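Data first, discussion second: the structure below is written as structure tokens.
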Amino acid sequence: MSGQSLIRILVLHGPNLNLLGMREPEIYGSATLEELDAQLVVQARSVGAELQTVQSNHEGELVDAVHSAALWGARGAVVNAAAYTHTSIALRDALAGVGLPFVEVHLSNVHSREPFRHRSLLAEHAVGVIQGFGADSYRLGLLGLASYLRAS
Ligand code: DQA
């Protein structure tokens, strides 16, 4: 895409996603987080976006990453908060607090899994939620977010 400035987007990965590739591959697939991020960076370029990718196993670090992304000039975020999706009021408040439009993504379809995964504390504030498509959930989330941001 030429003639348009790059849209800055934060990609946030929560706890245990650093283990992708070896963690329950029957649920989460065989791609590593590094591979997933590398693919996303390429996909981002094709929609005129620049990414900052962050993974942390610590709730406070995820909150800090949301604050920092806002200072960096992020216009939106693709968020897989992993287990914190279901528990973190702090992350929900951070996303709402900085007013960063975000798409919630999950590799697995959390609604076909244990009941404790059915509740998301983030979804209410999300532009949209994409789940169940493996690594492709991130790509679809990024595409949706980029077109949402371009239109707004
Ligand atoms: C997950 C689903 C969560 O319930 C789980 O805790 C994860 C990964 C997913 O991408 O499918 O760690 O967010």
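Sort out for me the helices (runs of 4 or more DSSP H) sitting completely within the stretch 26-139 that have 2 or more residues that are within 14 Å of residue 13 (Cβ to Cβ).
Passing ranges, in order: 33-46, 59-72.
Do we have any residue at all in the stretch 33-44 that's within 14 Å of the ligand (Cβ to nearest atom), closer than 21 Å to residue 133 by Cα, without any contact (Cβ under 8 Å) to a residue 24 or more places away in the chain and among the acidic types (Asp, Glu)?
Checked the stretch 33-44: no residue is within 14 Å of the ligand (Cβ to nearest atom), closer than 21 Å to residue 133 by Cα, without any contact (Cβ under 8 Å) to a residue 24 or more places away in the chain and among the acidic types (Asp, Glu).
Condition test on residue 112, is it within 11 Å of the ligand (Cβ to nearest atom), more than 16 Å from the chain's Cα centre (by Cα) and touching a residue at least 12 places away in the same chain (Cβ under 8 Å)?
yes
Yes/no matrix, rows are residues, columns are (1) over 26 Å from residue 118 (Cβ atoms); (2) among the β-branched types (Val, Ile, Thr); (3) modelled with pLDDT under 95; (4) under 12 Å from the mean Cα position of the chain (by Cα):
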| position | (1), (2), (3), (4) |
| --- | --- |
| 16 | no, no, no, no |
| 20 | no, no, no, no |
| 34 | yes, no, no, no |
| 43 | yes, no, no, no |
| 51 | yes, no, no, yes |
| 64 | yes, no, no, no |
| 74 | yes, no, no, no |
| 79 | no, yes, no, yes |
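Residues 123, 82, 94: which one is over 19 Å from residue 7 (Cβ atoms), surrounded by 18 or more Cβ atoms within 10 Å (Cβ to Cβ) and within 14 Å of the ligand (Cβ to nearest atom)?
Residue meeting the stated conditions: 82.
For residue 99, only one of the following conditions fails: (1) at positive phi; (2) within 13 Å of the ligand (Cβ to nearest atom); (3) free of Cβ contacts under 8 Å to residues at least 60 places away in the same chain. What is its number?
With (1) at positive phi; (2) within 13 Å of the ligand (Cβ to nearest atom); (3) free of Cβ contacts under 8 Å to residues at least 60 places away in the same chain applied to residue 99, the lone miss is (2).
The values are calculated or read from the model by the stated rules, or taken from the named source; none is laboratory data. If you're wondering where the values come from, they're calculated on a predicted model, not measured in any experiment. Cβ: placed from backbone, ideal geometry, glycine included. Neighbour counts: every protein chain shown.
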